[in-house]
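Input: a single structure, listed below in structure tokens.
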């Protein structure tokens, strides 16, 4: 009864969902959005008509003008800097626009281009000093604030009256200042377009990733080959251009160059950025956060102005909010990750039947033996982490390496070797198709192929997202083994949708069913998920009928069959249950049966821990990962089974001398080739009585030469 309650509690209590939600980047904007809603409600109740369409349109115009400056400031903060000169740059570019329009009588298009160029030049000065000369951003932009403001004050002494006396009547200029489209102000439309581009830039384009990386760790970004100085300079240049865009719309709306323009704007803009959730420490931020912060600040300042609060009160309130936002930025981020660390890793109840006997005198197919003691070694000390092995038409042997290489060994003795292709990541499962393309599952990267010309191509790295999943499971995190059907479709397993390659033990700790089977169709270039909720699915092998696949669930200690064609399409059947170890890759045998690698052996302590999720959670928090309970991976084992679920024989290396860990095996010309992700060699075992003409050239089409 107690175990039943434990099972229900850890299966249905949504603490793991809370961890998923808090780990999302959009939750960083949760508090600013709540503040925005609260501010809107408070002022709408205190001020009649505060949220009327006319009032909202006016707020949108101001939000657009200031919002461009906030976007520029946010970009600079994300890259790890700060720009205190935005107020002075705003005033100078406002003057530039009106000077060109009212005094020089230039056309609007020329005014826009020159103003943007001036803004970019002002920002570039900061960028060169901070990016290339590595000066302190705070002091540098404080100095340029003073210099730019002094220049502006000198200019308006000579030209302010002439600008004030001019009344240009230009439709395009008037549209910029006060026009709208279907009730939406022109500045809001332009801001929306720039914001959408900014979002795509920061989240989907490589330069945006570089900016975030530099803000997170400048030294690491430099060591990764990112042009740090140039990128920082470009961010300040972009800040100047965006400030000029805001000044253009401001100039078109008011047409003034008063002495107070831009005064204190840096405080307003900085408050908006920080209040929106842009981290002062750099490396974190988004366009959405900048927009939310802008709206909060504008609603507060407009509300206080409507309530006839003195200007000093406005500035004091903004300063107080800035201080509060900085405190929240530090405390919320710290506590958010603390909460995530407590609830994200959430083990569930996972009961296992008693381990079947493997005693030497048990008389079962699992009975211990030492048949693998005679395994010969290929590439000893010259290859690392050959998780899977495969052979081609000419009997060449291929294996992956943890350095991201595919290594080829040449027959007949397999002493000579070469790097067949550098593919990156951790190569896992492999299979040849009919056109001699070598498909490879790469942990953390997806499914790739190597053409006969040795060209590396990405096949797919994402699939359809589950509508019921809080976690974005569209990206492939840990594709690990594959097989190819007669029609060319590639079926491959993804062990977990929550963890990366280096985090796979955490998924085993959870035993929650985060894995899936995915199908890639090279003919249609489509990828879709066909099975979900699997407990670390691993080995995949197309069955002899050509209509189903066999796949292993490592943490479930089972082998199952999935029908992808024929009258049973979509059904899943159990083939092997309650194995004495944790199954990995599956491949064909020459007699029509199947070989299965057991990557580790079960032990009573771990079987007991599966039924104690609270204990496993505490273990994850208090112990380093190398001290967790693990399967016994020092005893290698391969079993042969048929489609009826009968285990026919087993091969053991009890001493762990030649092959202590086995993740894969291939039968080829009377030999069994063994791979192991933690080994430094490939094993070769001569199978007594095996067909010497059986060629396992690719996973599906085992055949005789």
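Bear in mind these aren't lab numbers, they're just calculated from the coordinates by the rules spelled out. Just so it is clear, the model here is predicted, and its values are computed rather than measured. For neighbour counting, all protein chains shown are included, and Cβ atoms are generated from backbone atoms with ideal geometry for every residue, glycine included.
Of note:
- Within the set (i) 35.5; (ii) 32.9; (iii) 37.9, the number that mean projected area of the Cα convex hull in nm² takes when calculated for this structure is listed as (iii).
- 0 to 90° range, to nearest 10: angle between helix 613-622 axis and the chain longest Cα axis: 60
- The distance linking segment 23-53 with segment 380-408 is 58 Å (Cα centroid to Cα centroid, whole angstrom).
- The chain: relative contact order as a whole-number percent, Cα under 8 Å and 6+ apart: 12
- When only Cα pairs below 8 angstrom with a gap of at least 6 residues are kept, segment 453-527 shows a relative contact order of 27 percent.
- Per-residue Cβ neighbour rank within 10 angstrom, fewest leading, 612, 665: 612, 665
- Inter-label distance, nm, simple model (7 Å from Cα along the C-beta direction), residue 103/residue 605: 8.3
- On Cα atoms only, tilt of 137-165 relative to the major axis of the chain in degrees: 40
- Inter-site label distance for residue 153 and residue 313 at 7 Å from Cα along Cβ, in nm: 2.9
- Annotation: extensible slack from residue 11 through residue 357 equals 121.6 nm (criterion: 0.36 nm per residue apart, minus Cα-Cα distance).
- Pairwise FRET efficiency - residue 545 versus residue 196, Cβ, R0 = 56 Å, nearest 0.05: 0.65
- The simple spin-label model puts a point 7 Å past each Cα toward its Cβ; for residue 623 and residue 37 those points are separated by 4.3 nm.
- Value of relative contact order over segment 400-532, rounded to a whole percent, pairs C-alpha under 8 Å and six or more apart: 16
- Annotation: the residues 243, 27, sorted from fewest to most other C-beta atoms within 10 Å of their own C-beta, follow the order 27, 243.
- Estimated FRET transfer efficiency (residue 222, residue 451; beta-carbon r; R0 35 Å; 0.05): 0.50
- Extension gain for the segment residue 167 to residue 503, taken as residue separation times 0.36 nm less the Cα-Cα distance, is 114.4 nm to one decimal.
- Rounded to 10°, Cα long-axis angle of helix 186-204 versus longest principal axis of the chain: 30
- Gap separating the Cα centres of segment 121-183 and segment 342-374, nearest whole Å: 72
- If the segment from residue 373 to residue 113 were pulled out straight at 0.36 nm per residue, it would be longer than the present Cα-Cα gap by 85.8 nm.
- Highest mean packing comes first when the peptides 72-78, 667-673 are listed by Cβ atoms within 10 Å, giving 72-78, 667-673.
- Mean residue ellipticity, 222 nm, helices only, the chain: the sum of -39500 (n - 2.57) across DSSP H runs of n ≥ 4, divided by residue count and rounded to 500, is -13500 deg cm²/dmol.
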